[in-house]
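Undergrad: Take this structure, written in structure tokens, and hold onto it; I'll ask about it next.
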Amino acid sequence: MLKRLLVFVCLISILPFGSALCDCDPVRVINGEADEDHFGMAVAGIDDVDDDGVGDFLVGAFTNDAAEDDAGRVYLYSGVDGYLIRTFSGHGVNEEFGYAVADAGDVDSDGYPDIAVGAPTSEVEGPALGKVYVYSGQNGALLYEFDGERHQDQFGISVAGAGDVNNDGFDDVIVGAIFYDNDADSAAGRAYVFSGADGATLLVFDGEDKYNRFGFAVAGAGDINRDGYDDVIVGAPYNSANGNKAGRAYVFSGVDGSKLYHFTGLTSDGYHGYAVTGVGDVNKDGYPDVMVGAPYVYSRNGRVYVYSGLDGSVLYTFYGNDQERLGRAVADIGDMNHDGYPDLAMSSNGNDLLVGKVYIYSGKDGELLNKILGDIKDNQFGLSIGAISNVDPEGNLDLVVGIPWQSTAGYRRGQAQVYHAWVPCVCCEGFTGNVDCSELDSPDIADITRLIDYLYLSHAPLCCPEEADTDGNFGEPDISDITRIINFLYLGGMPPVFCP
């Protein structure tokens, strides 16, 4: 061991150093208009609204006061340059318009994607009945208003495009109402599918038991059973079939509303079904698959599961660490790396000790393709995520990340950040190689020295132990981490992998 250390010292003394790693900054940062707007509580990619060949994106600020106190506001931005295309405002006090936003699909079949907005505490039609508004993507005109059935339903707390459920050529919309009381079952929850053709109610699904909060998350699932009709997925994270709040997610047929699958959480307080989405055919068996987040399972580490549309089996399990709450949001991003397989995006929103993170995994083999880290702890970085498609001629995508508690421009004004999802980013907490607590943005000789002191001389604690994991093996700092930095700095080796 001593002999190898002497070799390191000799090598360090005779070779030049200095090399920068990738730039991990967002390509676009958009702040909320006013303090306590919570801009970024909901974000979503939407297909090309302005007909420029690039997908666009939505950001909700559910407590914006421009129209009335906490009426809320939603913003539609260009995916090309972040230009504000259109603004939609809430209609009454405390409506919380923009708590949920979604690409509704082409509801009116005019060739343009349309926009769905949830206002779960809307009192326009009664105390907290909730409302969902659907707007034309082409010109912003209001196409539909859907209302909750009962007081305090919080109808519209979740909303998504359902695909063409009844196969009539018009895309449909799915809405969750988590506090709907199914007869005697308090807060069992309910989900609705509405026709894009005429606004009629096509399907209604009810939670199994009281307090399930069925409808907390909703999404289109694609044609899971290959019968020619699109299906849907609904999360009930408070379901207690396998322990208190273990959670459950359900896939339902678009033809008749029958249950195709249910996926149950593994432990109490796991909140399985907190986030759900369809992800396309991940394993290339001809059946689209689905992804489910369980952010509080196993001491709030969180997990994300990908399930087969063919037989409901688990295709992948992704594990969170350090109480990061992996699975707070999940997103369908399509084939990011152009290998013919749809890929997978998921986030953890961090806590008072950790920054939030967004992970992108390969659908082909489950390998980590990219990880994007927030810059401030406990600002809810990654509470919402969405993909912006076709941002360049190669068909690459950007990722929009909501940060509703961001306070850099004003107290909880909120922020949305846009990243090139296909450019690997290895930064940790906005910093690379922060072993020696310096303010340099790349590894240098001081980082090697600090690692040697820490490992072999029992002093000089590391500033950021996560960033000392330069070899990406998820282990404690060791000699291979030192080797990785030296190889990179002096021998032209691969860059260090920080916080894999």
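Undergrad: Of everything in the range 295-341, what is open to solvent by 10 Å² or more (accessible area, probe 1.4 Å) and of a type in the set (Ser, Thr, Tyr)? Give them in sequence order.
TA: Within the range 295-341, Tyr296, Tyr298, Ser299, Tyr305, Tyr307, Ser313, Tyr316, Thr317, Tyr319, Tyr341 qualify.
Undergrad: Let me ask something additional. Being out of contact with any Gly (no Cβ under 8 Å at 6 or more places or on another chain), in contact (Cβ under 8 Å) with a residue 60 or more places away in the chain and on the phi < 0 side of the Ramachandran plot narrows it down to one of Leu368, Leu354, so name that one. Show your work before the answer.
TA: On the way: Leu354 fails: in contact (Cβ under 8 Å) with a residue 60 or more places away in the chain.
The unique qualifying residue is Leu368.
Undergrad: Also, quick follow-up: Is it the case that some residue within the range 201-208 is more than 30 Å from Gly111 (Cα to Cα), buried (at least 19 other Cβ atoms within 10 Å of the Cβ) and out of contact with any Ser or Thr (no Cβ under 8 Å at 6 or more places or on another chain)?
TA: yes
Undergrad: Only one residue in Tyr83, Tyr77 is touching a strand residue (DSSP E or B) at 6+ places or on another chain (Cβ under 9 Å) and under 30 Å from Gly169 (Cα atoms). Which one?
TA: So the residue among Tyr83, Tyr77 that is touching a strand residue (DSSP E or B) at 6+ places or on another chain (Cβ under 9 Å) and under 30 Å from Gly169 (Cα atoms) is Tyr77.
Undergrad: Pick from the range 108-123 the residues that are among the charged types (D, E, K, R) and at pLDDT 95 or above: which of them is least open to solvent (accessible area, probe 1.4 Å)?
TA: Asp114
Undergrad: Identify all residues within the range 298-331 that are part of a loop (DSSP other than H, G, I, E, B) and closer than 20 Å to Arg213 by Cα; write none if there are none.
TA: The one that is part of a loop (DSSP other than H, G, I, E, B) and closer than 20 Å to Arg213 by Cα: Arg325.
Undergrad: While we're looking at this one, here's another question. Provide a single number: the residues in the range 124-158 that are open to solvent by 10 Å² or more (accessible area, probe 1.4 Å) and more than 19 Å from Gly189 (Cα to Cα).
TA: Number of matching residues: 11.
Undergrad: A further question follows. Quick one: would you say Gly254 is of a type outside the set (A, V, I, L, M), touching a Ser or Thr at 6+ places or on another chain (Cβ under 9 Å) and open to solvent by less than 10 Å² (accessible area, probe 1.4 Å)?
TA: Considered against the rule, which asks whether it is of a type outside the set (A, V, I, L, M), touching a Ser or Thr at 6+ places or on another chain (Cβ under 9 Å) and open to solvent by less than 10 Å² (accessible area, probe 1.4 Å), Gly254 comes out as no.
Undergrad: Kindly provide the set of residues from the range 261-289 that are without any contact (Cβ under 8 Å) to a residue 40 or more places away in the chain and within 21 Å of Ile178 (Cα to Cα), ordered by number.
TA: Listed by number, the residues that qualify are His262, Thr264, Gly265, Ser268, Asp269, Gly270, Tyr271, His272.
Undergrad: Regarding Lys259, is this residue surrounded by fewer than 17 Cβ atoms within 10 Å (Cβ to Cβ), modelled with pLDDT of 95 or more and under 18 Å from Thr317 (Cα atoms)?
TA: Answer is no for this residue.
Let's see how each residue does on (1) in contact with a Gly (Cβ under 8 Å, 6 or more places away or on another chain); (2) under 28 Å from Ser407 (Cα atoms); (3) open to solvent by 50 Å² or more (accessible area, probe 1.4 Å); (4) at pLDDT below 95:
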| site | (1), (2), (3), (4) |
| --- | --- |
| His38 | yes, yes, no, no |
| Asn64 | yes, yes, no, no |
| Arg86 | yes, yes, yes, no |
| Asp106 | yes, no, no, no |
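Undergrad: Just the residues that are open to solvent by 20 Å² or more (accessible area, probe 1.4 Å) and closer than 25 Å to Asn396 by Cβ, please, taken from the range 281-294.
TA: At the first step, the residues of the range 281-294 found to be open to solvent by 20 Å² or more (accessible area, probe 1.4 Å) are 281, 283-288.
Within the range 281-294, Asp281, Asn283, Lys284, Pro288 qualify.
Undergrad: Can you name the condition, by its number, that Ile376 falls short on among (1) among the hydrophobic types (A, V, I, L, M, F, W, C); (2) closer than 30 Å to Thr264 by Cα; (3) in a strand (DSSP E or B); (4) without any contact (Cβ under 8 Å) to a residue 60 or more places away in the chain?
TA: (2)
Undergrad: Another question about this same structure. Could you please give the count of residues in the range 45-59 that are touching an Asp or Glu at 6+ places or on another chain (Cβ under 9 Å) and within 22 Å of Ala409 (Cα to Cα)? It would help to see each step written out before you state the result.
TA: Within the range 45-59, the subset touching an Asp or Glu at 6+ places or on another chain (Cβ under 9 Å) is 45-50, 54-58.
Retained after the next criterion (residues that are within 22 Å of Ala409 (Cα to Cα)): 57-58.
Selection size over the range 45-59: 2.
This table checks each residue for (1) within 21 Å of Asn349 (Cβ to Cβ); (2) open to solvent by 50 Å² or more (accessible area, probe 1.4 Å); (3) touching a Phe, Trp or Tyr at 6+ places or on another chain (Cβ under 6 Å); (4) at pLDDT 95 or above.
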| site | (1), (2), (3), (4) |
| --- | --- |
| Met41 | yes, no, yes, yes |
| Ala44 | yes, no, no, yes |
| Ala61 | yes, no, yes, yes |
| Gly72 | yes, no, yes, yes |
| Tyr77 | no, no, yes, yes |
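Undergrad: Take the residues of the range 170-193 that are out of contact with any Ser or Thr (no Cβ under 6 Å at 6 or more places or on another chain) and surrounded by fewer than 23 Cβ atoms within 10 Å (Cβ to Cβ): which is farthest from Ile46 (Cα to Cα)?
TA: Checking each candidate, the answer is Ala184.
The values are calculated or read from the model by the stated rules, or taken from the named source; none is laboratory data. Keep in mind the model is a prediction, meaning the values are calculated, not measured. Positions of Cβ are generated from backbone atoms using ideal geometry, with glycine treated the same way; all protein chains shown enter the neighbour counts. Side chains included, ligands, DNA and RNA excluded: accessible areas come from the protein's heavy atoms. Shrake-Rupley method; radii C 1.70, N 1.55, O 1.52, S 1.80 Å.
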